[in-house]
Protein chains: 2
Amino acid sequence: MAKKKKTTIKDIANVLNISPAAVSKALHDDSRISKKTKKAVKQVAKNLNYQPNHLASALRKGKSNLVGVVVPRTNSNFFSSVIQNMEEVLNKEGYNIIITQSNESFKKECDNIDTLLFTQVDGIIASMANETVDLSYYEKVKSKGIPLILFDRGENDLNVDYIGINDYDSSHIIVEHLVKQGCKRIAHIGGYRHTRIFNNRIRGYIDALKKHNLPLDDELLIESSLTTEDGREKMLQLLALEKRPDAVYVAGDYAALGALQLLNEKDIKLPQEIALVGFGNEPFAAMVKPSITSIDQHSAEIGKQAAKVFLEHAKKDTINQSLNKIILKAELVIRDSSRLK
Amino acid sequence: MAKKKKTTIKDIANVLNISPAAVSKALHDDSRISKKTKKAVKQVAKNLNYQPNHLASALRKGKSNLVGVVVPRTNSNFFSSVIQNMEEVLNKEGYNIIITQSNESFKKECDNIDTLLFTQVDGIIASMANETVDLSYYEKVKSKGIPLILFDRGENDLNVDYIGINDYDSSHIIVEHLVKQGCKRIAHIGGYRHTRIFNNRIRGYIDALKKHNLPLDDELLIESSLTTEDGREKMLQLLALEKRPDAVYVAGDYAALGALQLLNEKDIKLPQEIALVGFGNEPFAAMVKPSITSIDQHSAEIGKQAAKVFLEHAKKDTINQSLNKIILKAELVIRDSSRLK
């Protein structure tokens with residue numbers, strides 16, 4: 001049995017019958033300690049397999065060179081691509097990242113923030129869970145004075161740095177594309193309105209319908225958790241309508257995939273009977289049959305920009321009140337699921 | 001400008017003109033401190049927005065309730081499913097996890113291990129990068145006396161707990177399936193031999209060919225990084241052979257996807273001209289056309305078992321020398337890419 005207990009400075013001190021302070025000084029090559037004592041201390045430290053505590057040293061210096069990341073989940077291409085690009089930029093500047101995932105749970109997100117604060121991260125880059133409406137945990141990060149940068153799922157009220165795409169405009173681009181294909185009854189399976197980006201997509205959808213003089217029908221607008229399962233379910237709901245839509249714009253590719261699977265199973269022809277558009281441009285969107293038209297969110301650019309904004313703060317060593325709000329222009333990748341003309 | 005500097009016990013002591021030790025005692029409700037002083041200390045702490053340092057307290061107690069995870073990447077369904085299931089079990093027991101990814105780089109993996117040790121994790125659950133051959137960083141974890149549990153990509157020589165599937169047998173199952181479909185010239189795009197699981201798959205492939213009296217042709221066995229890109233490239237190499245294979249067994253689904261894309265582009269009929277089998281049962285394997293036959297690695301079970309093994313160690317508070325080697329039986333999910341009969 002190997003005991004878990006770690007060798008401490010005190011253990012070394014006991015062996016040599018000197019004070020722990022003298023051991024510490026010896027290990028740091030303090031000139032007040034004799035060469036002979038230093039040699040003895042280092043030998044005993046080696047024998048006892050003493051490992052200096054880097055964390056304690058970071059606590060003294062107040063810098064861990066760690067950046068904490070909070071994402072809803074890591075197994076979406078969008079989030080993992082953001083993380084990978086962020087990581088590349090930060091690694092070059094000597095920062096490591098640690099990742100936590102909320103699995104869309106508010107409680108888990110709070111635990112994750114606590115964990116990251118506990119590990120003394122120098123900054124937090126986060127995207128919120130679906131459930132999150134209470135912002136007190138993010139206020140806590142702000143109150144600690146460490147940089148907080150939000151991306152994709154952010155919140156205006158927090159007044160922190162933000163990097164994302166223009167969600168309102170994206171809905172306009174999608175509706176315009178569908179109108180050009182001849183669609184007249186466009187449904188929207190959206191995310192939850194309390195999340196800003198999804199609310200913006202819903203607002204954009206409503207305003208774009210108005211702009212193109214299309215009827216806004218309440219039964220065509222459905223909020224969803226945007227999982228693959230829920231995409232199926234909400235599509236089923238739309239198919240049950242007396243007046244079916246001729247196009248469905250889904251606010252996430254995973255839910256669009258669920259909708260597609262259901263349409264394929266029911267032998268409903270895409271895009272002739274129903275045109276389908278997703279959001280996020282996940283790699284599978286190009287792989288499935290028919291391939292799914294989707295909005296590309298520039299994940300690589302979001303990751304790089306988030307890292308750069310953090311580095312700006314880290315270099316200044318103060319949190320500048322002039323915030324970075326970086327809004328990227330989204331791009332529609334047109335594929336078979338909506339290509340009618 | 002909000003200064004980043006945190007309020008310390010010393011700051012509170014200065015305001016009240018008492019010793020830092022007295023402040024600390026007051027904050028911990030020590031009976032040696034008067035009620036009046038306690039009240040004053042707590043008021044000043046609140047005014048100065050003092051946040052007790054949980055990490056310092058964890059250092060004293062020697063327990064962080066954190067488990068560190070090292071994976072090659074998080075955007076594979078296998079790894080993210082392992083992590084999610086591991087996380088559920090650990091969360092229930094009051095542990096949080098922090099995730100790091102190596103992106104298959106040895107250097108990054110070493111940095112990740114340093115980071116996790118730095119954050120005082122109570123244990124590490126890891127799967128190795130493709131590049132990793134030097135095990136000294138893992139030896140370092142062992143020498144610190146904290147539990148180290150490997151899954152999927154492990155290494156016998158380290159003599160630590162391990163959870164994975166039977167890779168050698170998996171190759172036998174695949175070759176047997178292909179032989180039953182009538183395939184006679186079976187190629188293998190394998191992983192790098194220096195990684196134990198890939199070496200086991202290669203050994204299994206070779207032995208299974210022998211068992212079925214099939215010729216073992218050197219040009220049919222290729223090592224690969226198993227990325228989608230490399231899968232394309234290695235497939236191209238196989239297509240250039242004078243005697244093409246009639247079946248290709250790829251040691252990873254991402255590489256199998258690359259191979260499939262190339263075959264589709266070249267209008268080579270699957271499975272009639274070439275049958276294809278992948279490994280890992282990533283969700284896209286069921287989505288693409290034709291759907292890819294693949295080995296299911298029981299990711300959920302691996303995650304749960306890894307967490308349980310860690311909890312066993314954590315409860316005992318010693319690292320037991322009787323190790324857990326949990327080898328799960330893999331399952332072949334047969335789909336269109338190899339279904340000839």
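The values are calculated or read from the model by the stated rules, or taken from the named source; none is laboratory data. These figures come from a predicted structure and were not determined experimentally. Cβ sites come from the backbone with ideal geometry, for glycine too, and all protein chains shown count toward neighbours. Only protein heavy atoms, including side chains, enter the accessible area calculation; ligands, DNA and RNA are left aside. Shrake-Rupley method; radii C 1.70, N 1.55, O 1.52, S 1.80 Å.
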Worksheet item: Between chains B and A, what is the buried accessible area summed over both chains (1.4 Å probe, protein heavy atoms, nearest 100 Å²)?
Response: 4700 Å²
Worksheet item: Can you work out the base-10 log of I(q)/I(0) for the range B:167-297 at q = 0.12, 0.21, 0.22 1/Å, using the Debye formula on its C-alpha atoms alone?
Response: -0.37, -1.29, -1.44
Item to complete: Place the label 7 angstrom along Cα→C-beta at A:Lys35 and in each other copy, then list the distances from the first to the rest in nm, shortest first.
Response: 6.2
Worksheet item: How large, in percent, is the carbon and sulfur part of the accessible surface of the protein assembly as shown at a probe radius of 1.4 Å?
Response: 49 percent
Worksheet item: Computed over the Cα atoms of chain A, what is the convex hull's projected area averaged over all directions, in nm²?
Response: 22.8 nm²
Worksheet item: Per residue of chain A, what 222 nm ellipticity follows from adding -39500 (n - 2.57) for every DSSP H run with n ≥ 4, rounded to the nearest 500?
Response: -13500 deg cm²/dmol
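Provide the percentage of antiparallel DSSP beta bridges, counting only those with both residues in the protein assembly as shown; round to the nearest 5.
Expressed as a percentage, antiparallel bridges in the protein assembly as shown total about 15.
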Fill in: Sorted peptide list for B:151-164, A:24-37, criterion being average Cβ within 10 angstrom, highest first
B:151-164, A:24-37
Fill in: Projected label distance in nm at B:Asn156 and A:Lys210, using a 7 Å step from Cα toward the beta-carbon
7.1 nm
Fill in: DSSP beta bridge pairing in chain B, given as percent antiparallel to the nearest 5
10 percent
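Could you work out the relative contact order of the range B:167-297? I mean the mean sequence separation of Cα pairs under 8 Å and 6+ apart, divided by the number of residues, in percent.
That works out to 24 percent.
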Worksheet item: Across peptide A:114-123, what mean number of C-beta atoms from other chains lies inside 10 Å of a residue's C-beta?
Response: 5
Worksheet item: Any idea what the dipole of chain A comes to, in debye rounded to 20, about its Cα centre with Lys/Arg Cβ at +1 and Asp/Glu Cβ at -1?
Response: 2280 debye
Worksheet item: Got the relative contact order for chain B handy, in percent, Cα pairs under 8 Å and 6 or more residues apart?
Response: 17 percent
Worksheet item: Nm distances between the label at A:Leu239 and the same-position labels in the remaining copies, 7 Å along Cα→Cβ, shortest first?
Response: 3.6
Worksheet item: If you count, for every residue in A:71-83, the Cβ atoms of partner chains within 10 Å of its Cβ, what is the mean?
Response: 4
Worksheet item: For the protein assembly as shown, with the dipole built from +1 on Lys and Arg beta-carbon atoms and -1 on Asp and Glu ones, taken about the Cα centre, which of A:Leu239, B:Gly303, B:Gln120 lies farthest toward the positive end?
Response: B:Gln120
Practice prompt. Would you mind listing how long the range B:248-314 runs along its three principal axes, going by Cα atoms, in whole Å with the largest first?
Written response: 55, 19, 16
Practice prompt. Let me have the relative contact order for the range A:9-52, percent, based on Cα pairs under 8 Å that are six or more residues apart.
Written response: 35 percent
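Might you report the magnitude of the Cβ-based charge dipole of the range A:39-162 about its Cα centre, with Lys and Arg at +1 and Asp and Glu at -1, to the nearest 20 debye?
1060 debye
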Worksheet item: Tell me, what is the per residue accessible area of the range A:218-341 in Å², probe radius 1.4 Å?
Response: 44 Å²
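Using the structure shown, select from B:Lys46/B:Lys92; A:Lys10/B:Lys42; A:Lys107/B:Lys25; B:Lys25/B:Lys144; A:Lys316/B:Lys10; A:Lys42/B:Lys144 the pairs with a Cα to Cα distance greater than 21 angstrom. Don't skip to the answer; put the middle values down first.
Numbers: B:Lys46/B:Lys92 32 Å; A:Lys10/B:Lys42 32 Å; A:Lys107/B:Lys25 32 Å; B:Lys25/B:Lys144 32 Å; A:Lys316/B:Lys10 25 Å; A:Lys42/B:Lys144 18 Å.
From the list (B:Lys46/B:Lys92; A:Lys10/B:Lys42; A:Lys107/B:Lys25; B:Lys25/B:Lys144; A:Lys316/B:Lys10; A:Lys42/B:Lys144), the Cα-Cα distance tops 21 Å for B:Lys46/B:Lys92; A:Lys10/B:Lys42; A:Lys107/B:Lys25; B:Lys25/B:Lys144; A:Lys316/B:Lys10.
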Item to complete: Mind checking which aspartates and glutamates have their Cα closer than 17 Å to the Cα of B:Lys308? Skip sequence neighbours fewer than 8 apart in that chain.
Response: B:Glu87, B:Glu88, B:Glu93, B:Asp122, B:Asp152, B:Asp161, B:Asp317
Worksheet item: Using 7 Å Cα-to-Cβ label points, what is the A:Asp111/A:Lys92 separation (nm, one decimal)?
Response: 3.6 nm
Worksheet, complete the sentence: log10 I(q)/I(0) for the range B:9-52, Debye formula on C-alpha points only (no solvent), q = 0.25, 0.28, 0.33 Å⁻¹, two decimals, reads -0.78, -0.99, -1.36
Worksheet item: Sequence-distant or interchain residues sharing an amide H contact under 5 Å with A:Tyr192, placed H: which?
Response: A:Ser224
Worksheet item: In debye to the nearest 20, how big a dipole does the protein assembly as shown give about its Cα centre with +1 on each Lys and Arg Cβ and -1 on each Asp and Glu Cβ?
Response: 3540 debye
Fill in: A:Tyr192, B:Tyr249, reordered so the largest accessible area comes first (probe 1.4 Å)
A:Tyr192, B:Tyr249
Item to complete: Assuming R0 = 45 Å, can you tell me the calculated FRET efficiency for the pair B:Leu241 and B:Lys63, based on Cβ-Cβ distance, to the nearest 0.05?
Response: 0.20
Item to complete: For the protein assembly as shown, take the alpha-carbon Rg, divide it by the Kirkwood Rh, and send me Rg/Rh.
Response: 1.02
Discussion item. In Å², and per residue, what accessible area does the range B:9-52 have when probed at 1.4 Å with the other protein chains present?
Written reply: 70 Å²
Practice prompt. Run down the lysines and flag those whose C-alpha is under 26 Å from the C-alpha of A:Lys211, throwing out any fewer than 8 positions away in its chain.
Written response: A:Lys180, A:Lys184, A:Lys234, A:Lys243, A:Lys329, A:Lys341
Worksheet item: In nm, one decimal, shortest first: how far is the label point of B:Leu135 (7 Å from Cα along Cα to beta carbon) from the matching points in the other copies?
Response: 5.1
Fill in: 5 angstrom amide H check on B:Ile326, placed H, neighbours 5+ away
B:Tyr162, B:Ile163, B:Gly164
Worksheet item: Once fully extended, how much extra length lies between A:Lys325 and A:Lys266, figured as 0.36 nm per residue of separation less the alpha-carbon to alpha-carbon distance?
Response: 16.8 nm
